[in-house]
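Beneath this line is the structure, given in structure tokens, with notes to follow.
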Amino acid sequence: MNESIKKMLFIYTETPLHAGSGRSLGYVDLPIQRERVTDYPMVQSSGVKGALRSEVQARNGWKEDSEQAKAIFGSADGDNKSYAGAVTVGDARLLLFPVRSLEGVFAWVTSIDVLSRFVRDMTALDMSVDWQLPAEPQTNDQSTECWAGEKVKFKGQVTLEDFTYTAKDDKTNIVNTIGTWLAKYVLPSTDEYKYWRDNLPKHLVVLRREDFRDFARYGTEVRTHIKIAPDTKTVASGALWTAESLPTDTLLYAPIIVNNSRAQVEGKQSAQEIETVLQKLHDTRINLGGDETTGHGVVMLHFSEVKNG
């Protein structure tokens, strides 16, 4: 019996991503999906798996009810014989969030809380990182600390949106170490991403968990949508709404576990065969979430199996 194949899927947004949670009673009509406790943005596993299934079917020319698709992703609703898919997909969690910066245009922000969860999730997949978590930034009546890369600092301070932080003295070069590791193992390895890999360590900022939560809560994009009545060329009655999206250059991650197919059908495959099918999506673009026809939801996928010894 073959062992499961474990991978971490990294999702880098190239256009705003709207993974909707339905209607809201708040000021945003169509909010994005968020974790219940932390309020961090996320994409539920069903949405990630559905996008992978759609892309795999399209690239291989498989129909929706093909035996191959059922063997990998499970039988569709209404089938006489139901069975789970061979691919287990977790929720896509937030790792890096882009925030406007006075120096360097923008920074990728994260927190000790987010990095700790990432390390835990990597460990659960028998993977590892080769860096240690830095100390939690502190705050007092005079200033709030952060860890920051060289390109977002000015005279020892970091200004994100309207908030200014004091950059901690990074004697151990921990920000560059973490950023370099992320650039190597997490970002796409294609030539067009060389600029981003080179700049990630210099634009990485590690915030207090409360500050990161607030940027992740209020720093998303909110766009107003309207429908124009063709006869009057004015906004149609009731056709005005707002939709929330994750901004471009957000990075998420989702655990992937590949097993042997459970289906007793002609398309039954081993974990290795299924992994080969999924690996064809490595460093490729797909659409995820809604508003595809307006250019939203273009993401770059990157599979990683990080084992640092």
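Derivation of every value follows stated rules applied to the coordinates shown; laboratory data play no part. Keep in mind that what you see is a predicted model, and the values were worked out from it rather than measured. Glycine gets a Cβ as well: all are built from the backbone with ideal geometry, and neighbour counts include every protein chain shown.
Residues L52, L204 in ascending order of nearby Cβ atoms (within 10 Å, fewest first): L52, L204.
With contacts taken as Cα pairs under 8 Å and at least 6 residues apart, the chain reaches a relative contact order of 35 percent.
Here the dipole of the chain is about 180 debye; that uses its Cα centre as origin and unit charges on the Cβ of Lys and Arg (positive) and Asp and Glu (negative).
For GluC sites (Glu not before Pro), the sites in the range 129-210 that DSSP calls loop and that have at most 16 other Cβ atoms within 10 Å are E161.
Placing unit charges on the Cβ atoms only, positive for Lys and Arg and negative for Asp and Glu, gives the range 159-263 a dipole magnitude near 340 debye about its Cα centre. Think of it as helices only: each DSSP H run of n ≥ 4 in the chain is worth -39500 (n - 2.57), and spread over all residues that comes to -7500 deg cm²/dmol at 222 nm. Of the GluC sites (Glu not before Pro) found in the range 28-74, those that fall in a DSSP loop while having at most 15 other beta-carbon atoms within 10 Å are E35, E64. Electrostatic tally near V222: other residues with Cβ closer than 11 Å to its Cβ, Lys and Arg +1, Asp and Glu -1, net -2.
With a cut-off of 8 Å between alpha carbons and a minimum separation of six or more residues, what is the relative contact order of the range 149-212 in percent?
Contact order relative to length: 37 percent.
What FRET efficiency, computed as 1/(1 + (r/R0)^6) with R0 = 41 Å and r the Cβ-Cβ distance, is obtained for T164 and E67, rounded to the nearest 0.05? Approximately 0.10, to the nearest 0.05.
Pairs from the list K7/K194; K202/K280; K155/K194; K155/K184; K7/K184 with a Cα-Cα gap above 26 Å: K202/K280; K155/K194; K155/K184.
Only alpha carbons enter this Debye calculation for the chain, each as an equal point scatterer, and the log10 of I(q)/I(0) it gives at q = 0.10, 0.12, 0.16 Å⁻¹ is -0.62, -0.86, -1.32. The range 165-233 and the range 3-20 have Cα centres spaced 15 Å apart.
Projecting the Cα positions of T139, T248, L187 onto the charge dipole of the chain (unit charges on Cβ atoms of Lys, Arg, Asp and Glu, taken about the Cα centre) puts L187 furthest along the positive direction. The aspartates and glutamates whose alpha-carbon is closer than 18 Å to the alpha-carbon of K63, local same-chain residues fewer than 8 away aside, are E55, D77, D79, E266.
Between E3 and D198, the modelled label-to-label distance comes to 3.9 nm, taking each label 7 Å out from Cα in the direction of the beta carbon. The mean sequence separation of alpha-carbon pairs under 8 Å and at least six residues apart, normalised by the residue count of the range 34-124, gives a relative contact order of 23 percent. Would you work out if the range 77-129 is rounded, prolate or oblate? Take a ≥ b ≥ c from the square roots of the eigenvalues of the alpha-carbon gyration tensor; rounded if a/c is under 1.5, else prolate when a/b is larger than b/c, oblate otherwise. Verdict is oblate for the range 77-129.
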